[in-house]
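The values are calculated or read from the model by the stated rules, or taken from the named source; none is laboratory data. Source: prediction; values computed, not measured. Note: ideal-geometry Cβ built from the backbone for every residue, glycine included; neighbour counts use all protein chains shown. To get the accessible areas, we keep the full protein, side chains included, count just its heavy atoms, and leave off ligands, DNA and RNA. Shrake-Rupley method; radii C 1.70, N 1.55, O 1.52, S 1.80 Å.
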Amino acid sequence: MGIYTIGFVPLASFPFPYKYIIGVSFYFYLKHQISNKEKVINKLEYLLFVPAIIYGFMRLYWYVKLHTGIDKDIFFKVYQTGFFVYNDMVYLLFNLILIIIGLKFLKSHNNKIKGSISIQNNWKWLSIFSRIWMAIVILNLLHQVIANLFSLEHSQTFYYGILVLNSIYIYWIGFIGFTKSNLLFKIYYLKDQIEEEEHDSLKNRIEYYMKKEEVFTNRNFKVADLASLLPISEKELSEYIHTTYQMSFTDFINSYRVEKVKELLISSDQDKFTLLAVSEKAGFSSKSSFNAVFKKVTGLTPTQYKKEHQN
């Protein structure tokens, strides 16, 4: 027992395939930074974990042989074959390919990021961070190639340089994590999603004030009044209504007033009100405008509509 075991499980040569998981994890991390209704991760991409699984089972096999006493020299024998040297080159190349694909993903979404200046800066930092890591991986890969070409696998001095470089990079990541965690954990929204969400939100707010609050029953209700409730500029509101409902603000308000009149004309209390009273309750400012708008929308005069629905 001690620092070399967890319970009865020895830690020496524990079969955790972290080398093949680092690149895949970072790749998925990049993709998860994008929040979008359209899926950015394909199910087939989970096959990227296959190398880690295969390597993990190999390590597990050696681990069992070592700690059961079947072959206490198993790792030394594998080392003598040069497997670990070439394996390091393979996993570094694998990670490099994933980083390059990840950078292409970032580049393809670069113009779709919407938000404040800080969000834009954070997005740029994510790209810079990825490029720095790519540089570190390339340097590690070159180090392994040189070590293999010039038989420097056993040179401790040669490995000190890359060890120091990797250590600096790891400590830098830790420093960023402690001091600027907001850079590491932020979800970025695509423009099309934001616009869709803003569209739905604005439409819901408009319908709330029109259907629930019935603000249109105020005969002096203007575009500025609804804009102040939402809140949104008058110009944006007018453009939104024109684009979404294909009508002017006046026609939009009158459409609700007509629906309100139709509701009152066929209600059980309709005999209690004159047509003028009904028009005023719906927000029309005069009987003439009421008649003209109602016929324009329904094709019938208020009297004709009332008689038609009484029968």
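Taking 29 Å as the limit for the C-alpha separation, the pairs Lys43/Lys65; Lys203/Lys306; Lys203/Lys272; Lys43/Lys107 exceed it in the case of Lys43/Lys65; Lys203/Lys306; Lys203/Lys272.
The candidates His154, His109, His67, arranged from most to least accessible area with a 1.4 Å probe in the full protein assembly, appear as His154, His67, His109. To the nearest 10, the accessible area of Glu234 is 100 Å² with a 1.4 Å probe. One chain, two ends: Tyr159 and Ser13. Fully extended at 0.36 nm per residue, the span grows by 50.5 nm beyond their Cα-Cα distance. Please give the FRET efficiency for Tyr86 paired with Phe178, using the beta carbon to beta carbon distance and R0 = 25 Å, rounded to the nearest 0.05. Efficiency at R0 = 25 Å is approximately 0.10. A simple spin-label model places pseudo-atoms 7 Å from Cα toward Cβ; at Ser289 and His242 they are separated by 2.1 nm. Compared with the direct C-alpha span, the chain from Lys212 to Glu45 gains 55.4 nm at full extension, assuming 0.36 nm per residue. Ranking of Leu237, Leu276 by solvent-accessible surface, largest first: Leu276, Leu237 (1.4 Å probe, protein heavy atoms only, all chains present).
Surface calculation, 1.4 Å probe, protein heavy atoms: Asp73 sits at approximately 90 Å² accessible.
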